[in-house]
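Okay, so here's the structure we're looking at.
The values are calculated or read from the model by the stated rules, or taken from the named source; none is laboratory data. Quick caveat: nothing in here was measured; it's all calculated off a predicted structure. So basically every Cβ, Gly included, is an ideal-geometry build from the backbone, and we count neighbours across all protein chains shown.
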Amino acid sequence: MIAALLANREKRIALAFLAPAVLLLLVLFVLPLLLLLPASIRGADGSFTLAAYARLLGESYYLGIIWNSLKFASLTTLFAFLIGYPAAFGLLYARGWLRSLLLICLFLPLSVGVIVKAFAWTVLLRRDGLVNAALQLLGIIDEPIRLIFTEPALIIGAVNIFLPFMILPVYAVVAQIDRRLGEAAATLGAPPLTAFLRVIFPLSLPGIIAGTALVFALAVSAYVVPTLLMGERYQTLPTLITKAFLLARDPAFGAVAGMALLVIALSVVLLSTRLNRSAP
Amino acid sequence: MSAAPAAAHLDIRDVGKRFGATTVLDGITLSVAAGELITLLGPSGCGKTTLLRAIAGLALPDSGTVTVAGRDITRLPPHKRHVGVVFQNYALFPHLSVRGNVAFGLRVHGKPKTEIDGIVDRYLGLVKLAHLAERPVSALSGGQQQRVALARALAVEPTIMLFDEALSALDRKLRESMQVELRQLLRDIGATAIFVTHDQDEALTMSDRIAVMNGGRIEQCADPKTVYAAPATLFALDFVGLSSKLTGRVVEVPQRGTIIVETVAGRLTARANFAVGSPVVLATRPEYLALSDTATGENVISGRLHTTVFHGSRSMLHVDIGSGTPLAVEISGLDAPPAGNTIHLRWPVETGYVYPDPSA
């Protein structure tokens, strides 16, 4: 296959440009992943065993953790889509300085770091935090309510942190859609909603697919956000992996949990590539 | 501006539109009869596209009314107007096939599936694309995409068809054949159509009447021959066809309707009503200037032949008559005298035009 690739001049050049990135990923990403596989099937005495797999997939406690991860990632992705999709259009219709300002608002948080943002949410959501104070001031509640360490709070925080990864791909795609398509649909008799559903939405699908895959992959593998916003008792695959390696000293089980995460992430990526190919 | 046709199908009255401090449409009034093909001709920024968008409902005018078949549609949203538009770059739906594009309007109108297929086939046949129905539109050439856009707009049977520079993206040969074909097709189905273009050839070929637009106004609206042979304004003269111009001052009015103008090339007689002393521009078409054997006689001017450009059947002479800009003269192709010679030209009295001099 490589020989065939090298036979074509254009492909040779493409390969040369890709080489640094490919090498970096091979050494830092693929190699460690390949090491996970043998680790996941090695027992404490070094013999071959699938015991760790049986444990993860056989015990309801661990299935619950996988379910937690999937639920957290799915809900985060869903709300990021519901908020981010219209926001991308808002960005599109904003003009001049307003658009620049909105884009800065979108990019700036990306440079702050997830720990800082997650901590900021804990400050906002704790018993004596800003949100409780505001709700009391407005007379909506009498006593401070528990916000932090609840699932809604986790989703709110995660959506806030991962939202740019939904907005930006959708924006990049819808910005490419010729505005005249909407006008053409209107002159053909399509009311605004019909024009949107039949023309704009299908053409924005590649952006939705990319944004969904990004946010889901980020959320399902998030460690800091659930740890800080839900505390120790709430477990997802990434927190399980950390515990297995650092606390339980059970590398086989950590590797298995890692494999589970990898399978989930890979399925999302493969599914999105597949969908993207059939999308316009 | 010409009188309104008897049965105005589309009636535009005093339509005005401003974008900020710029007046884009300055009280446009235009009537279009059913079955008429009209061109809005003008340079970019003259307001022609804005007027088209006001008719389609894609831009709301600030003032005035747009009426179709007696019904005021000025404030109606585009999807309720039944006004078809063929856009400059066609605006085909890239995620749909050729058939999907043509069927779009029919589906939106809720026509039954069985009927849609038949209608789509009919219109694709009309634009000779039946064999490409299942292709994605991205696989088509520019000319084919243009036909799809046309079929798509026609399929919903709009009351008026609008074409926004619809042919300008095609190469010259294809554009010329499409002009003839499109005109015939629109005639056959009895469509009322408005073309927007900056291409004078397209305007002359396609339309029953041309509205020459400039600065948000219609400078002249008449049939192509009148616009060419009797341009109402200096702008209309310059924008359609070539012209030869001389500036001067009226020195004598021998009788009503006739003036004598003093120019660098001498005194010339013209047909117009101007007061003595008025600064004017004398103009004519290059082919109305004829070579003269002698330097004497009424309306004969002399100059040095600067260059000759041979076009085959015709030759264009550029004659230096001392006014700064050479005078263009078009003659039969093989008759050109050698460059550098002094030549004599007869300035036409009846096919000469006189306009007030805008620079004076």
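Tabulated results
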| item | result |
| --- | --- |
| Residue pairs meeting the criteria (Cβ under 6 Å; at least 6 apart or on separate chains; first over 16 Å from A:GLU151 (Cα atoms), in region A:230-249; second part of a helix (DSSP H, G or I) and among the aromatic types (Phe, Trp, Tyr)) | A:ALA244/A:PHE253 |
| Condition met for B:GLN146 (assigned to a loop (DSSP other than H, G, I, E, B), in contact with a strand residue (DSSP E or B) (Cβ under 8 Å, 6 or more places away or on another chain), within 28 Å of A:PHE201 (Cα to Cα) and touching a residue at least 60 places away in the same chain (Cβ under 8 Å)) | no |
| Single residue of A:ALA134, A:ALA158 found to be of a type in the set (Gly, Ala, Ser), at pLDDT 90 or above and within 29 Å of the chain's Cα centre (by Cα) | A:ALA158 |
| Matching residues in region B:78-93 - criterion: being more than 7 Å from chain A (Cβ to nearest Cβ) and among the aromatic types (Phe, Trp, Tyr) | B:TYR90 |
| Candidates A:ALA255, A:ALA175, A:ALA195 - the one that is farther than 30 Å from A:ALA44 by Cβ, of a type in the set (Gly, Ala, Ser) and touching a residue at least 40 places away in the same chain (Cβ under 8 Å) | A:ALA175 |
| Conditions (1) away from chain B (no Cβ under 14 Å); (2) in contact with a helix residue (DSSP H, G or I) (Cβ under 6 Å, 6 or more places away or on another chain); number of the one not met by A:GLY231 | (2) |
| Test: A:ALA19 is modelled with pLDDT of 85 or more, within 26 Å of A:ALA255 (Cβ to Cβ) and surrounded by 10 or more Cβ atoms within 10 Å (Cβ to Cβ) | no |
| Any hit, region A:267-274, residues being part of a loop (DSSP other than H, G, I, E, B) and among the β-branched types (Val, Ile, Thr) | no |
| Residues of region B:252-280 that turn out to be farther than 17 Å from B:TRP347 by Cβ, outside any strand (DSSP E or B) and hydrophobic (A, V, I, L, M, F, W, C), as a count | 2 |
| Residue within region A:178-192 that is more than 20 Å from A:ALA260 (Cβ to Cβ), touching a Leu at 6+ places or on another chain (Cβ under 6 Å) and either touching a residue at least 40 places away in the same chain (Cβ under 8 Å) or part of a helix (DSSP H, G or I) (or both) present | yes |
| Residue list for region A:47-60, restricted to those being over 24 Å from the mean Cα position of the chain (by Cα) and either over 17 Å from A:ALA252 (Cα atoms) or in a helix (DSSP H, G or I) (or both) | A:ALA51, A:ALA52, A:TYR53, A:ALA54, A:ARG55, A:GLY58, A:SER60 |
| Top-ranked residue in region B:68-77 [being part of a loop (DSSP other than H, G, I, E, B) and either touching a residue at least 24 places away in the same chain (Cβ under 8 Å) or away from chain A (no Cβ under 14 Å) (or both); ranked as surrounded by the fewest Cβ atoms within 10 Å (Cβ to Cβ)] | B:GLY70 |
| Candidates B:GLY47, B:GLY35, filtered to the one that is surrounded by fewer than 20 Cβ atoms within 10 Å (Cβ to Cβ) and more than 10 Å from chain A (Cβ to nearest Cβ) | B:GLY35 |
| Cβ pairs under 6 Å, 6+ apart, first in region A:28-44 and more than 17 Å from A:ILE241 (Cβ to Cβ), second of a type in the set (S, T, N, Q) and not in a helix (DSSP H, G or I) | A:GLY43/A:THR49 |
| Number of positions in region B:50-62 that are more than 14 Å from chain A (Cβ to nearest Cβ) and in a loop (DSSP other than H, G, I, E, B) | 2 |
| B:THR65 vs. criteria surrounded by fewer than 19 Cβ atoms within 10 Å (Cβ to Cβ), more than 18 Å from the chain's Cα centre (by Cα) and either modelled with pLDDT of 95 or more or assigned to a loop (DSSP other than H, G, I, E, B) (or both) | yes |
| Answer from A:LEU205, A:LEU130, A:LEU147 - the residue that is more than 10 Å from chain B (Cβ to nearest Cβ), surrounded by fewer than 19 Cβ atoms within 10 Å (Cβ to Cβ) and farther than 16 Å from A:THR76 by Cα | A:LEU130 |
| Residue list for region A:124-146, filter: in contact with a helix residue (DSSP H, G or I) (Cβ under 7 Å, 6 or more places away or on another chain), over 12 Å from A:MET230 (Cβ atoms) and aliphatic (A, V, I, L, M) | A:LEU124, A:LEU130, A:VAL131, A:ILE141, A:ILE145 |
| Residues (surrounded by 17 or more Cβ atoms within 10 Å (Cβ to Cβ), under 21 Å from B:LEU51 (Cβ atoms) and under 18 Å from the mean Cα position of the chain (by Cα)) located in region B:146-178 | B:MET161, B:LEU162, B:PHE163, B:ASP164, B:GLU165, B:ALA166, B:LEU167 |
| Pick from region B:94-110, criterion crowded, with 16+ Cβ neighbours inside 10 Å, more than 7 Å from chain A (Cβ to nearest Cβ) and without any contact (Cβ under 8 Å) to a residue 24 or more places away in the chain, ranking: nearest to the chain's Cα centre (by Cα) | B:GLY100 |
| Positions within region A:152-197 being more than 7 Å from chain B (Cβ to nearest Cβ), over 17 Å from A:ALA88 (Cβ atoms) and out of contact with any helix residue (DSSP H, G or I) (no Cβ under 7 Å at 6 or more places or on another chain), in sequence order | A:PRO152, A:ILE156, A:PRO192, A:LEU193 |
| Criterion (crowded, with 19+ Cβ neighbours inside 10 Å and out of contact with any Phe, Trp or Tyr (no Cβ under 7 Å at 6 or more places or on another chain)) met by exactly one of A:ALA260, A:ALA219 | A:ALA260 |
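Yes/no matrix, rows are residues, columns are (1) part of a helix (DSSP H, G or I); (2) crowded, with 16+ Cβ neighbours inside 10 Å; (3) at pLDDT 90 or above; (4) of a type in the set (Phe, Trp, Tyr):
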| position | (1), (2), (3), (4) |
| --- | --- |
| A:ASN68 | yes, yes, yes, no |
| A:LYS71 | yes, no, yes, no |
| A:LEU75 | yes, yes, yes, no |
| A:TYR85 | yes, yes, yes, yes |
